[in-house]
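**Q** Got a structure for you, questions after.
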Amino acid sequence: MAERVFCVDFGSAYTKVALRRDPTADSALLACAGADVDFWVPTVVAVDRRGADPRLEFGDRAADLRSGGGIDVYTNFKKDLFTAPTSAPGKPVVSPLDALLQSEEFVTLAARYGVQSPQVAALRSMAAAARTLVAGPGERVVSLEGHRQANAVKLVYNFFLWLRKQVLDACARLPASGLKFEDFPVRVTVPAVAPSSDLASHPSCKLLREALHRAGWPLHAEQPFVAEPEANAIGILTKAANALTRSGRVNLGQMFNKGPLITVMKGDHNYPTYRALVIDVGAYTTDLAALFIDTGGNPVETADGAGFGVTQRSVPFGVSDLDQSVRAALPPDKKAWLESAPHKEFQTFQRTYSGESKGYRVAGLGVIGGEPDRPALSACLDQFTQRLTDEVTKFCAALPSVSMQELVLTGGGNNIPAVRDALIAAAQTGGVRFVKTHAPDLKRGKAGAPLVDKLDETFARGGSALGGASLYFERSYY
Ligand SMILES: Nc1ncnc2c1ncn2[C@@H]1O[C@H](COP(=O)(O)OP(=O)(O)OP(=O)(O)O)[C@@H](O)[C@H]1O
Ligand SMILES: [Mg+2]
């Protein structure tokens, strides 16, 4: 039985950590000293090889660095961890060296240095021949994804080692409690790559588990992993509250009493079925979840479990894909600048062009995303939004109709007004109505209009970590 727990929402762009220090304490996000925004840290690792020994930097300090000149900045390594190394059928296995030699970038670089194309072709065949000689017949050639995943495991280990120190330091700054925080188990939220009960045996979660263990994190014994969308829904719907009944069982009635769900849980013949639809637009994945309950109009009996049926899907498509298409759509000099820009500068550019429709001024280069770039950037945003709305429409089409629904929009991608508005519209396809919508930057409707819950950053970005730390996931309290 875990009375106390940490939950790490290991985000592709930002990592957030929540703590539940007692069974009935509210889950709370932990402040990381020196972080620009106190409860999250950029999921970035940098290796500085300029000195005698390589030096590692993490989080905000790494996000300030630019790759090149002996510094390598690693971002998006969560994606590499969760990308299966087995190649798709029919797709040849390519080593990283071959991928480099065969790439368009390599050809461009060769041309820039005056290397003739027959020389490039000769180099390619020489490398292939040398590899065959060295490897010998039948020896396994590791795929590009395999190399990337192995590298990601090393980065994840180092990142979690550093994160552990940040988390324990943050706990040491809390009012004295006599608690031994270093013994608290951790649960990690991961994309919904498998049903919740099977997550721990998923190959990528096994690698993550091993890295966490080596980095000194004691894992939660019963449920070390929880799917991001489900954790997110619980965080938002409970508003991070945890409660026990007098007999020491989880008190779901009290935990969910902040919203319309409580009407259903108490037993109401007009509202026997309920669903919370969650759309979390992250950097790497867009996570969709539907939490469903059918009370038959009777009060919910939670002794046998939480009572929600969960349908969830993680689509490997997120803001990092938008970033990639935006870079590709810009003129070469702007593309090149954005490719090597420090993580933090890129984020500022991201916010200005997608939210305020403004450009970002760069010394010596002019404005990126100004008037001349607008048509190209708008097209990228339109395509991104279209793919997301298609996914939402497909996901919702397979869900049964219910008597009451709430809509929850979270993740950094929902900070983009065009994305958020399109997703709200897509979720209402076919006349579906939500009694309450939770999202960042929502305007309150007129009297009688459906309820809105304007999420602040704590819930819009920290909802998964808060929910993952919830008593809801402690089966021993049911
Ligand atoms: N106002 C904004 N405008 C544009 N993009 C934004 C805005 N706010 C945040 N983002 C971007 O949204 C992305 C997703 O942020 P989020 O914190 O949800 O990602 P994550 O949880 O790390 O990713 P994942 O859950 O996929 O692993 C980030 O790339 C972030 O920079
Ligand atoms: Mg996320």
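The values are calculated or read from the model by the stated rules, or taken from the named source; none is laboratory data. Predicted, not measured: the structure shown is a model, and the values here were computed from it. In this analysis, Cβ positions are derived from the backbone assuming ideal geometry, glycine residues included, and neighbour counts consider all displayed protein chains.
**Q** Limited to region 400-417, what total is found for residues that are surrounded by 15 or more Cβ atoms within 10 Å (Cβ to Cβ) and either away from ligand 1 (no atom under 15 Å from the Cβ) or in a loop (DSSP other than H, G, I, E, B) (or both)?
**A** Residues flagged as surrounded by 15 or more Cβ atoms within 10 Å (Cβ to Cβ) and either away from ligand 1 (no atom under 15 Å from the Cβ) or in a loop (DSSP other than H, G, I, E, B) (or both) within region 400-417 amount to 8.
**Q** Identify all residues within region 418-427 that are crowded, with 16+ Cβ neighbours inside 10 Å, over 13 Å from A276 (Cβ atoms) and away from ligand 2 (no atom under 16 Å from the Cβ); write none if there are none. So that I can check it myself, show each step before the final result.
**A** Here is the first cut: in region 418-427, the residues crowded, with 16+ Cβ neighbours inside 10 Å are 419-420, 422-424, 426-427.
Next cut, over 13 Å from A276 (Cβ atoms) only: 419-420, 422-424, 426.
If the condition is that a residue be crowded, with 16+ Cβ neighbours inside 10 Å, over 13 Å from A276 (Cβ atoms) and away from ligand 2 (no atom under 16 Å from the Cβ), then A422, I424, A426 are the ones that fit.
**Q** Within the set of pairs 6+ apart or on separate chains, which have a first residue in region 286-301 that is among the acidic types (D, E), a second that is more than 16 Å from ligand 2 (Cβ to nearest atom), and C-beta atoms under 6 Å apart?
**A** Note: pairs meeting the criteria are D294/T273.
**Q** List the pairs whose first member sits in region 341-352 and is assigned to a helix (DSSP H, G or I), whose second member is within 16 Å of ligand 2 (Cβ to nearest atom), and whose Cβ atoms are under 7 Å apart, counting only residues at least 6 apart or on separate chains?
**A** What qualifies is H343/P42; H343/V44; H343/T75; Q350/D323.
**Q** Still on this structure: Is it the case that region 13-32 has a residue that's assigned by TED's automatic domain parsing to the domain that holds R209 and at pLDDT below 90?
**A** Within region 13-32, one or more residues are assigned by TED's automatic domain parsing to the domain that holds R209 and at pLDDT below 90.
**Q** Keeping to region 353-371, report how many residues are crowded, with 17+ Cβ neighbours inside 10 Å and assigned to a helix (DSSP H, G or I).
**A** Residues meeting the conditions: 2.
**Q** Determine, yes or no, whether G411 is within 16 Å of ligand 2 (Cβ to nearest atom) and at pLDDT below 95.
**A** On the way: within 16 Å of ligand 2 (Cβ to nearest atom): yes; at pLDDT below 95: yes.
Against the criterion (within 16 Å of ligand 2 (Cβ to nearest atom) and at pLDDT below 95), G411 qualifies.
**Q** Another question, if that's okay. Quick check on this structure: which one of L208, L212 is surrounded by 17 or more Cβ atoms within 10 Å (Cβ to Cβ), assigned by TED's automatic domain parsing to the domain that holds A18, closer than 26 Å to A84 by Cβ and within 16 Å of ligand 1 (Cβ to nearest atom)?
**A** None of the other options fit; the residue is L208.
**Q** Does region 257-280 include one or more residues that are out of contact with any strand residue (DSSP E or B) (no Cβ under 7 Å at 6 or more places or on another chain), away from ligand 2 (no atom under 16 Å from the Cβ), closer than 28 Å to V419 by Cα and free of Cβ contacts under 8 Å to residues at least 40 places away in the same chain? Talk me through it step by step, then tell me what you get.
**A** Initial filter on region 257-280 (out of contact with any strand residue (DSSP E or B) (no Cβ under 7 Å at 6 or more places or on another chain)): 257-258, 262-263, 265-270.
Next, only the ones that are away from ligand 2 (no atom under 16 Å from the Cβ) stay: 257-258, 262-263, 265-270.
Now restrict to residues that are closer than 28 Å to V419 by Cα: 258.
Filter once more, keeping what is free of Cβ contacts under 8 Å to residues at least 40 places away in the same chain: 258.
Within region 257-280 (the criterion being out of contact with any strand residue (DSSP E or B) (no Cβ under 7 Å at 6 or more places or on another chain), away from ligand 2 (no atom under 16 Å from the Cβ), closer than 28 Å to V419 by Cα and free of Cβ contacts under 8 Å to residues at least 40 places away in the same chain), the answer is yes, since at least one residue qualifies.
**Q** Considering only region 144-185, how many residues are surrounded by 14 or more Cβ atoms within 10 Å (Cβ to Cβ) and in a loop (DSSP other than H, G, I, E, B)?
**A** Adding up the residues that qualify gives 4.
**Q** Go through region 226-247 and give me each residue that's of a type in the set (A, V, I, L, M) and buried (at least 24 other Cβ atoms within 10 Å of the Cβ).
**A** The answer is V226, A227, A231, A233, I234, I236, L237, A240.
**Q** Additional query: So which strands (runs of 3 or more DSSP E) are wholly in region 18-83 and hold at least 2 residues that are surrounded by 16 or more Cβ atoms within 10 Å (Cβ to Cβ) and within 16 Å of ligand 2 (Cβ to nearest atom)?
**A** Fully inside region 18-83 and qualifying: 40-42.
**Q** Any residue at all in region 465-476 that's hydrophobic (A, V, I, L, M, F, W, C), within 14 Å of ligand 2 (Cβ to nearest atom) and under 27 Å from T245 (Cβ atoms)?
**A** Our first condition is that a residue be hydrophobic (A, V, I, L, M, F, W, C); within region 465-476, this holds for 465-466, 469, 471, 473.
If we keep only those that are within 14 Å of ligand 2 (Cβ to nearest atom) as well, we get 465-466.
Then drop every residue that is not under 27 Å from T245 (Cβ atoms), which leaves 465-466.
Looking for residues that are hydrophobic (A, V, I, L, M, F, W, C), within 14 Å of ligand 2 (Cβ to nearest atom) and under 27 Å from T245 (Cβ atoms), one finds at least one in region 465-476, hence yes.
**Q** I would also like to ask the following. Just the residues that are surrounded by fewer than 16 Cβ atoms within 10 Å (Cβ to Cβ), modelled with pLDDT of 90 or more and not charged (D, E, K, R), please, taken from region 330-347.
**A** P331, P332, A336
**Q** Further question on the same structure: Would you check if there is a residue in region 434-442 being of a type in the set (F, W, Y), surrounded by 14 or more Cβ atoms within 10 Å (Cβ to Cβ) and within 15 Å of ligand 1 (Cβ to nearest atom)? Steps first, please.
**A** Going residue by residue through region 434-442, those that are of a type in the set (F, W, Y) are 434.
Among the residues that remain, those that are also surrounded by 14 or more Cβ atoms within 10 Å (Cβ to Cβ) are: 434.
Retained after the next criterion (residues that are within 15 Å of ligand 1 (Cβ to nearest atom)): none.
No, because not a single residue in region 434-442 is of a type in the set (F, W, Y), surrounded by 14 or more Cβ atoms within 10 Å (Cβ to Cβ) and within 15 Å of ligand 1 (Cβ to nearest atom).
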